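**Q** First the structure, then my questions, so here it is.
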Ligand code: LLP
């Protein structure tokens, strides 16, 4: 059952009152009536609670929380946490600009990614970000050249691939030996030797990010221990490390998973981190945003075939791709609960012309009929952010609730938006 994690239940402001789903103090039904479906719906207080809980859990170590913008880069959502002191982990110029627009000071921005272009490196250098998380030797050399041209020193942390299996979906593991990310563990010291030999590079830190939706503590601790074990050798080389960036990756409850609580995570890694005397950077994405948002969709048809019963809804895989892409489980419940005892086995599917367009397969859900509203939970992270216009479908609205009020924080796209960058050659006009 959803929200089995008691701590999350307290923090999440999506609750049933008299069998009607509320987001904070307003019924989801009422919002749907005004904005139409489908839409993403976020709770201001849930988001802020999540950020504050994360920040507080690490009060024992000097740290910066750099929220991973890729999880959800909506301007208003980013600004809510930026106003509360949250930094940013960005991976593109778009995310860098978004973080600045949200009000994040450059000194709280780290730039990740394994394929940063010369243009991106130059723009971020000009901005004066805290650190580049450098992925490879060629990136170091390119950054050095660009920094030299601009007469600047580029602050860097090397991303270290600790070769640890985080036990998550294979698409979400990033620190395996065969992963494309970072410096192979046994080549890290050579990476640092290169970095200090380059005139326009300033070594500031080390970085790891071993994967996402991680449900155990051990992979984090094992990986961190490997990083920390390098410190004496680096010291011998005369290289001081000011920052250890431990990445993101803490899992959340989608169904009945029991991810480590923030307190457990903090208890496991804080002593290790404290001993190093380094400042710490965290890059959480999902744990901040995931359960701060849901997607609301309406049942278009209920269709019976000889094999199955299909609940066809007005949202599709272009709006929320996680079930199709990772076989991810998202809880689905009616916005108005009627007869909870009567559940039927259905596939909840979208209108896209692909068999992979589904939100649930062979799932026991409440018996719903055409016109009913469904809530797809835990959709705040990697939901809207991964949506597209596939099948020429306008991307859906994003709505923010604060107390009794709701605000459109991204308008539903219209047909004209989708064609706005197209051009027709003269001979076709
Ligand atoms: N830092 C780096 C360098 C990352 O690559 C990521 C996520 C994060 C931090 C944040 O990780 P989180 O705390 O959210 O686990 N689209 C997938 C998730 C891909 C995550 C990519 N990197 C999904 O829908 O599950």
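Rule-based calculations on the coordinates, nothing more; no lab input. This is a predicted model, so every value here is computed, not measured.
**Q** Based on the Kirkwood radius over alpha-carbon pairs, what value in µm²/s does the Stokes-Einstein equation return for the translational diffusion coefficient of the stretch 257-400 at 25 °C and 0.890 mPa s?
**A** 143 µm²/s
**Q** Please determine, in degrees from 0 to 90 and to the nearest 10, the orientation of helix 44-57 with respect to the longest principal axis defined by the Cα atoms of the chain, where the helix direction is its Cα long axis.
**A** The two axes meet at around 30 degrees.
**Q** Still on this model: Ratio to report: Rg/Rh of the stretch 236-316, with Cα atoms as the point set and Rh obtained by the Kirkwood method; give two decimals.
**A** Taking Rh as the inverse mean 1/r over Cα pairs, Rg/Rh reads 1.29.
**Q** As an exercise, find the ratio Rg/Rh for the stretch 90-159 from alpha-carbon atoms, using the Kirkwood inverse-distance average for Rh.
**A** Radius of gyration over Kirkwood radius for the stretch 90-159 works out to 0.93.
**Q** From the convex hull of the Cα coordinates of the stretch 302-362, what is the mean projected area in square nanometres?
**A** 4.6 nm²
**Q** What share of Cα pairs, in percent, lie more than 19 angstrom apart in the stretch 48-190?
**A** Details: 5757 of 10153 pairs.
Distances greater than 19 Å cover 57 percent of the Cα pairs.
**Q** Going by alpha carbons, how many degrees (0 to 90, nearest 10) lie between the helix axis of 262-276 and the longest principal axis of the chain?
**A** Roughly 10 degrees between the two axes.
**Q** If only Cα atoms are counted, what is the Rg of the chain, and what is its Dmax, in Å?
**A** Considering the chain through its Cα atoms, Rg and Dmax are 22.9, 72 Å.
**Q** Any idea what angle helix 137-150 forms with the longest principal axis of the chain, computed on alpha-carbon atoms, 0 to 90 degrees, nearest 10?
**A** Taking the Cα atoms of the chain, the angle to 137-150 is about 80 degrees.
**Q** In the P(r) worked out for the stretch 189-327, what percent of Cα pairs fall beyond 26 Å?
**A** More than 26 Å apart: 46 percent of the Cα pairs in the stretch 189-327.
**Q** Treating the stretch 112-284 as a set of equal point scatterers at the Cα positions, no solvent, please give the Debye-formula log₁₀ I(q)/I(0) at q = 0.10, 0.12, 0.14 Å⁻¹.
**A** Debye output, listed in q order: -0.38, -0.54, -0.73.
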